Structures are given as C-alpha cells and as structure tokens.
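These notes concern the structure reproduced below.
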Amino acid sequence: MGNKKRIVLLGGGYGGILTAKKLSRKLKKDNDVEITLIDKNPYHTMLTELHEVAAGRVPEDSIRIDLKKIFAKRKVDVVLDEVTDIDFDKKVLRSEKNSYEYDYLAVGTGSKPTFWGVKGAEEFTHQLWSYEDAVNLKEHILNMFRKAAKETNKEKRQKMLTFVVVGGGFTGIEMIGELGEWKDRLCKEFYIDKEDVKLYAVDALSKILPIFPDNLVRKAEKRLNKLGIEIITDAGITEVSKDFVVLGDKGRIDTNTVVWAAGVEGSDIMDKMDTEQKGRKRVVTNDKLQAIDHENVYVVGDNIFYIPEGEERPVPQMVENAEHSAPIVAHNIYTDIKGGEKKSYKPVFHGAMVCIGGRYGVAHIGMPGKFFGLTGFFAMFVKHFINLVYFFQVAGFNKCWSYLIHEIFHIKDNRSFVGGHFAKASPNFWLIPLRIFIGYKWLEQGLHKLPGILKDPSNIFLIPAPPVADATSAASAVADQGANAVVDATSAASAAASTAGAADAVAETASAWGEALPVPDFIENMVKWSMDNFFYTSDGGYTVLAEIFQAGMVIGEIIVGLLLIVGLFTAVASIGSIIMGIMIWSSGMAPAEMLWYLSGGVALIGGSGSTFGLDYYVLPFLKKIWKKIGIAKKYYLYTD
C-alpha cells in the first residue's frame, strides 16, 4: 500500500475531468496507482452554458453533471473537499479538516472573475462564473420583474427594468443576448411593456468580441440591436453601486442589475501556490505542461501560462485549451510512472463561437491561416456539434441525449437554432387510436397466416417464387391463403413477377389492393441477389432458411401487433413495424396500404405506450434496474 503512486487532480473542470478519464483508461489495470480527483462541488459545471440558465432558456440541472456519474466504474476516487493550501516540498494538499498526499499533482482549478480594482464592482455586481452565479442571477432577474410589475414609482421601476452587462467578450455578449430573447417572455408574464426594459452591453474596448474579424462583429452588433440591446464601447467602468454604474466620462446608468463579465484571473488557491505565475495568476509551465519550479506538478486548462514556440501570446483560456492539454498531461504523468518519452504541448486552435440568444450565433473557425466566418444557423449548428463532441467525452450518450432534450426538444418560445420545429410535442394520448389500429392490422395479418405455417412449414407463400417456378401456380398458391391479407395478395404479384413474361398475372393479382409500390432497381437487384443466395435452391425450390424466415415474419407480425395494442415496448415494436414494412416493400410485395404501417410506425416511436399502455408501468421499473448495471453506468447507456 505504501508503494502506491498517488495521482491527485485538483479541480473538476473541463481539464481536470478529461485528464482524470484519460489517466484512468491508461492505468485501469495497474493496482499500484491511485487516482483521486478533488473538487469543492459534487458536480461538473458546463461553464460555457451558464448564460442559458441565467436567462431561463434551459433548466438549472442541465448545466451540471454528477462527478460520481462521470467516474462510475472507473479508477478515479472522487473527493468532495475544498483545498486551501498546497505544500509542494512535502507533497501534500490541505483543507480545513483533511490532508491529501500525492506523488503527482495536476492543477486544474480554473478561474474566477477579476474586478480590476473598480470601486464597488465585487460588492454590487452579479458574476457569471459558477452554477450558483447562474441560478442567483436568474432569480434576481425574475425578482426585478416581479417587483417592477407592482412598482408605482417611475424612477424605481426603471432601475428595476434596466440591465447592464459589463464586458464585450464571449460571456458578456452571450449573457446580454440571452436576456434580449428572454425579455419577451418576461414582459408577457409580468404585464410589462417591452419598451420599458433597457438592456446595455458595455465594454472599455473600442468594439465587442475583439478577437473576431470586423465583418462578424458588425453582424453580432446588428443582432444585438435587433434584440433591443444598446452597445456602449470605449466606456471604462469606474464605479458600481447598488443603484448605478459609472461609465467613466460617458456618464452613468441607473440600474439595480449589473452583470460583471469583464475578464478572469486564477482561482483563490493560486494565491497559496508557491509557483511562478504570470498573466493574472496563471502557472508558468514548460512545454510538457509541468510547473517550471516543480517537475511533479502539472497544469491543465485555464491555469496554464505557456507560450508555444512561434507564438507571441500564451495559450487562451478556452475549453479547447483544456481539451488539448488534458491528453498531454495524462500521457506525461503516465510516462513518469511507467517510463517512456514525454510529449510537448503543441496546440492547434480551431477558432471560437458565440451565441446571441438561442437562435443566432457567429463563429470564426478553421485552421491557422485558413479561418472563415459563419453566422446564424450554421454557426449555431457548429456550436452544438462541438458541445456534443465534448459531452460525449465526459458522459457519453447520457449527457448528449439530455443536451439535445434541453436545447432542441423541450425548448420554449422557439429559442433554438431550429426554432420550435422539434419542440411541438403532442400529448401521447392522441396516438392511442393509431397505436391500436396498426397493432390490430399486424395481429390480423399474423393470425391469418399462422394456420398455414403450422399446417405445413415448407409451404412458402411470403417469399416470391423461384425464377423457374410457374408464375400462374405461384399466384394461385398465394391467393389461396386469403384475399383479405395485404401481404398474401401482393405476394402473388411478386411471385408472378419473378417469372419472365408474367406481367399480366402481376397486374391481375395486385389489383385487389392497387398497384404494388415501385421499388428502385438497385434495391430490387439487392433483394434478388439475397433471394438467390439464401432462399432459393438450385433445383427451383426453397431452402430451410426460407422456411425459418417466413415463420419468423409471421411470428413477428403477431408479436408486434400484440405489443402495440397493449402499449408495451412500443418504441421497439414501432421500429419493428417499420422494418417489416420496408422488407415487404423492398421485395416488391407492398401495396399502397403499406404506407400506413411505415408512417404510423414512425409516429408511434416516441413514447406512445406511456398513456394507457403497459410502458407506463414497465419502463420506469426496468430503467431503475438498467441504471444499476455496471456496463450501463460505465458507458453512460441510460437517460436520466
């Protein structure tokens, strides 16, 4: 036990989590290594999405992920504690009540807002740098509208309805953009005229989003203006109080709400770290991301101060930096323990994106020397796609699914880059008649054919006759199964069609249900190839596999029908309905009526059995059991 190597990761932010996951993967079979992640919160916060909670676009829990969920069934021990001191000489971290020894330390404590010495800024502004910040700001904004709705004093009311965001970078612009969208809903709910609400984006620089090219900045400004936001640049804040904010020589704005998003610095623990720091409390590292004065201390994410070769500035404090630095730190710690060659940090950044509300964004992406701009739908699509890539690394399917639910499927007021097209969900009880109807039709089909299967399994009537078979006899054999069966009747047409010169027989047999749906030539050729190889014998008969397939189709029709009628596993049964319909269509045996089975199956996939169906009782029970299974927990194969 005493010979074990102890790796401690301080901070459960983007960099810390990715580093821990990569180390656990590399060292999962090594019992001589312990990996511990320490954070003061039991959850990981998606800092890039804070504005969405603060402005009421998504639920509060959508920006948190339980750390124990992230590391379930992995070689990482999650510890809830707040480290207040680091002793690099003794290799120990200390909190109020505990101490943690380490052999290798990865620091990823992130940042906090910096106030630049502005009077009253820390005391009288709202920040947006933690989950608590977002929730508190949301409640404050709601409270301002609640009070304003009943306030008769014009001056007090105007202060309540005036909102100032200080900072024209990503955080500030995203926050004021979201508030510009949310304003419409708030005014409607609290009976306030939109013209009474004043929104300001203020920055000391000469333009907002300074790292973006001017054409994208202009489009961002146009969008902000459309949302009723006034942009004030070249306005350095000199004082903030609970009732106003002073914009230097540009006067002041009377307001009860100032959101501070004007830059960051290293977290509080940086003040206790005996390491060389630059750039507002960032740890100076070498190209291996080791602190230059402690070779067993590595730095990840925002805490890195490192200027790559050929660059003039240190790596930016962005999520992409955390994603790039995590594998380097994990690899280099691994080589410290196991031996090997360390890797140097050579990041290649692919740009940045900023959303202005849920419907519009601007992006500047590409590769060094080959960047291009995107706006509107395409910028938002890229943003969501990149978020999904990151979330898949953190919590797999579970988080990606919940992200899509919150961002697209359960969105309110069309605040999504696809509007409300995917959010207009109808109550499931409207689908009950359709579910029972399609279930009944499949059950009827299956029960009608079942006696023929039981009587003589070798009597094949669901598969087109072999090419050498007589077309007329094939049609007659199929027709004997009953003119009322959709597939039985059209099987005659298909069987007849498989013999050259039998087109008249096809038309005559299919006429009871109309013409068979057309099948593209390439699909028809694929079906013919599979029939020749799996279902037909060389002497013009059927293989045993053909008998098994036919019996399976009939049993499948009965099972799908029953499941849909009783509302059990309706998603699976609906997909089965679609698959069987496609198989019948691709074989050239499907009349127009088959379109009911296909389109109805699609409509029934999304939870149609949760109303007056057994899914209402069965699925929650199975979900509880499934979430406890090790493989489901490890690979996040469940929904919350």
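The values are calculated or read from the model by the stated rules, or taken from the named source; none is laboratory data. Being a predicted model, the structure only gives us computed values, none of them experimental. Every residue, glycine as well, gets a Cβ built from its backbone with ideal geometry; the counts of neighbours run over all protein chains shown.
For PHE381, the conditions (1) in contact with a Gly (Cβ under 7 Å, 6 or more places away or on another chain); (2) modelled with pLDDT of 95 or more; (3) closer than 30 Å to SER402 by Cα are fulfilled apart from (1).
For the range 334-355, the criterion of being in contact (Cβ under 8 Å) with a residue 12 or more places away in the chain, among the aliphatic types (A, V, I, L, M) and farther than 29 Å from LYS288 by Cα is met by at least one residue. For the range 227-291, the strands (runs of 3 or more DSSP E) that sit wholly inside it and include 3 or more residues that are closer than 24 Å to ALA326 by Cβ are 264-266, 282-284. Screening TYR345 on (1) over 28 Å from ASN225 (Cβ atoms); (2) surrounded by fewer than 18 Cβ atoms within 10 Å (Cβ to Cβ); (3) not small (Gly, Ala, Ser) shows it passes everything except condition (2). Taking residues in the range 303-320 that are in a loop (DSSP other than H, G, I, E, B), and partners anywhere that are surrounded by 21 or more Cβ atoms within 10 Å (Cβ to Cβ) and among the polar types (S, T, N, Q), the pairs with Cβ atoms closer than 6 Å and at least 6 places apart or on different chains are TYR306/THR285; VAL315/ASN321.
Can LEU205 be described as among the hydrophobic types (A, V, I, L, M, F, W, C) and either at pLDDT below 95 or assigned to a loop (DSSP other than H, G, I, E, B) (or both)? Here the answer is yes, as LEU205 does meet what is asked. Please indicate, with yes or no, whether at least one residue in the range 333-342 is among the β-branched types (Val, Ile, Thr) and not in a helix (DSSP H, G or I). Checked the range 333-342: no residue is among the β-branched types (Val, Ile, Thr) and not in a helix (DSSP H, G or I).
Residues of the range 263-288 that are within 27 Å of ALA55 (Cα to Cα) and touching a helix residue (DSSP H, G or I) at 6+ places or on another chain (Cβ under 7 Å): GLY266 alone.
Conditions tested, residue by residue: (1) surrounded by 18 or more Cβ atoms within 10 Å (Cβ to Cβ); (2) small (Gly, Ala, Ser); (3) at pLDDT below 95; (4) not assigned by TED's automatic domain parsing to the domain that holds ILE436.
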| residue | (1), (2), (3), (4) |
| --- | --- |
| ASP521 | no, no, yes, no |
| ASN525 | no, no, yes, no |
| ASP532 | no, no, yes, no |
| SER538 | no, yes, yes, no |
| ILE548 | no, no, no, no |
| VAL554 | yes, no, no, no |
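Checked against (1) aliphatic (A, V, I, L, M); (2) assigned to a helix (DSSP H, G or I); (3) loosely packed, with under 15 Cβ neighbours inside 10 Å, LEU637 passes all but condition (2).
Identify all residues within the range 573-614 that are among the aliphatic types (A, V, I, L, M) and closer than 13 Å to ARG435 by Cβ; write none if there are none. If the condition is that a residue be among the aliphatic types (A, V, I, L, M) and closer than 13 Å to ARG435 by Cβ, then ALA573, VAL602, ALA603, LEU604, ILE605, LEU614 are the ones that fit.
For the criterion of being touching an Asp or Glu at 6+ places or on another chain (Cβ under 8 Å), at negative phi and at pLDDT 95 or above, ILE292 passes.
Just to be sure, is LEU9 outside the structural domain of THR171 (by TED's automatic domain parsing), buried (at least 21 other Cβ atoms within 10 Å of the Cβ) and under 20 Å from ILE304 (Cβ atoms)? Against the criterion (outside the structural domain of THR171 (by TED's automatic domain parsing), buried (at least 21 other Cβ atoms within 10 Å of the Cβ) and under 20 Å from ILE304 (Cβ atoms)), LEU9 qualifies. Here LEU595 passes the criteria (1) crowded, with 16+ Cβ neighbours inside 10 Å; (2) farther than 22 Å from PHE409 by Cβ except the one numbered (1).
Criterion applied to GLY588, GLY606, GLY613, GLY581 was being of a type outside the set (Phe, Trp, Tyr), part of a helix (DSSP H, G or I) and touching a residue at least 12 places away in the same chain (Cβ under 8 Å), and the one residue passing it is GLY581.
So that you can scan it fast, the table gives a plain yes or no per residue for (1) surrounded by fewer than 17 Cβ atoms within 10 Å (Cβ to Cβ); (2) within 27 Å of ILE558 (Cβ to Cβ); (3) acidic (Asp, Glu); (4) at pLDDT below 85:
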residue	(1), (2), (3), (4)
ALA395	no, no, no, no
PHE409	yes, no, no, no
ARG415	no, no, no, no
LYS424	yes, no, no, yes
ARG435	no, yes, no, no
GLY452	no, yes, no, no
SER476	yes, yes, no, yes
ALA495	no, yes, no, yes
GLY501	yes, no, no, yes
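Those helices (runs of 4 or more DSSP H) of the range 84-186 in which 2 or more residues are in the same structural domain as ASP254 (by TED's automatic domain parsing) and of a type in the set (Gly, Ala, Ser) occupy 131-150.
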